[in-house]
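Right, one structure below, let's go through it.
The values are calculated or read from the model by the stated rules, or taken from the named source; none is laboratory data. Because the structure is a prediction, the values reported are computed rather than measured. Reconstructed Cβ throughout: ideal geometry from the backbone, glycine too, with neighbour counts over all protein chains shown.
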Amino acid sequence: MAEVNPEGDKKSEGRQAQAVAERRPEYNVSGKGDSSATQPVDRFERFVCKPLGENTVDSRAQKIIDDATDKSKGSLEQRGVRSVQQILDQYYGRKDVKVEWDPKVVGLRTDGPGKITVGEEYVKRMSRWNFADRVTSVGHELEHFKQYKDPNLSGKDKGNEREFLAKKWSASAVEKPGTGFISIRTRVGYIDGALALLEKTPGLEEKYRAQKEELIKYREFLEKCPPDH
Ligand SMILES: [Zn+2]
């Protein structure tokens with residue numbers, strides 16, 4: 001999954017405070033924090049611009065970021081694998097997932113249930129500004145795990161459908177508490193990725209027409225929000 005969130009480390013606290021004042025609480029999806037990608041009828045209940053500063057990065061999150069980015073705490077491979085293991089444990093209660101390293105992977109990759117591959121890009125650019133998205137990326141891969149167990153989605157020919165549903169999940173995912181916020185640009189990137197998959201995959205656009213309309217409406221809404229970077 002591609003990273004579309006720009007680094008924002010140099011932004012001042014003042015701009016954050018201003019952004020908070022301009023925003024209202026985050027939106028929710030179908031009244032549930034964890035909507036499943038295997039429930040394609042999910043709709044976004046309401047659209048609101050999210051606050052940038054309310055869901056602050058707490059000390060537990062900062063520890064994972066520090067462990068991942070401090071060169072004295074192991075090789076890039078060790079830090080990358082460990083960061084995904086820590087996120088799985090802390091935010092999803094999963095200790096049973098095998099985490100492997102492939103430096104060339106951008107973001108994370110899953111080829112089947114039970115294993116996530118992490119690459120250089122995921123760990124090298126981790127920061128408090130994109131941590132919520134890093135955590136959500138792990139959730140995205142866990143959505144793929146669920147899909148592989150669903151007979152309607154597990155087929156080899158269903159790759160684009162699985163990715164569409166998982167990108168839609170990412171676009172609407174509610175950030176885990178204490179991890180910060182996913183930027184509007186990042187969410188728009190997930191929406192565009194999901195829409196592109198619909199357009200290029202025969203039959204998919206017809207099957208998910210309602211979801212497509214919902215994503216387009218959501219994108220139009222996000223475009224009107226105050227910029228968050
Ligand atoms: Zn995916």
Inset, instruction - For residues that are part of a helix (DSSP H, G or I) and in contact (Cβ under 8 Å) with a residue 60 or more places away in the chain, scanning just the range 145-166, find the one that is farthest from the ligand (Cβ to nearest atom). - result: 146
Inset, instruction - Just give me the residues in the range 63-109 being within 16 Å of the ligand (Cβ to nearest atom) and either assigned to a loop (DSSP other than H, G, I, E, B) or of a type in the set (Ser, Thr, Tyr) (or both), in sequence order. - result: 92, 97, 102, 105, 106, 107
Inset, instruction - Inspect all residues belonging to the range 172-189 and state whether any of them is closer than 19 Å to residue 135 by Cα, surrounded by 19 or more Cβ atoms within 10 Å (Cβ to Cβ) and within 12 Å of the ligand (Cβ to nearest atom). - result: no
Legend entry - Condition check for residue 137: within 15 Å of the ligand (Cβ to nearest atom) and either in a helix (DSSP H, G or I) or surrounded by fewer than 23 Cβ atoms within 10 Å (Cβ to Cβ) (or both): yes
Inset, instruction - Could you grab me the full set of residues in the range 110-125 that are surrounded by 19 or more Cβ atoms within 10 Å (Cβ to Cβ) and either within 15 Å of the ligand (Cβ to nearest atom) or among the polar types (S, T, N, Q) (or both)? - result: 110, 116, 117, 118, 119, 122
Inset, instruction - Restrict the check to the range 209-223 and report whether at least one residue is buried (at least 18 other Cβ atoms within 10 Å of the Cβ), over 28 Å from residue 92 (Cα atoms) and modelled with pLDDT of 90 or more. - result: yes
Inset, instruction - Test each condition in (1) surrounded by 13 or more Cβ atoms within 10 Å (Cβ to Cβ); (2) farther than 20 Å from residue 146 by Cβ; (3) away from the ligand (no atom under 16 Å from the Cβ); (4) at pLDDT 85 or above for residue 52 and report the one that comes out false. - result: (4)
Legend entry - Verdict on residue 183 being of a type in the set (Ser, Thr, Tyr), in contact (Cβ under 8 Å) with a residue 12 or more places away in the chain and touching a His at 6+ places or on another chain (Cβ under 8 Å): yes
Inset, instruction - Could you give me the residue pairs with C-beta distances under 9 Å whose first residue belongs to the range 108-120 and is free of Cβ contacts under 8 Å to residues at least 60 places away in the same chain and closer than 12 Å to residue 83 by Cα, whose second residue is within 13 Å of the ligand (Cβ to nearest atom) and small (Gly, Ala, Ser) wherever it lies, and which are 6+ apart or on separate chains? - result: 118/107; 119/107
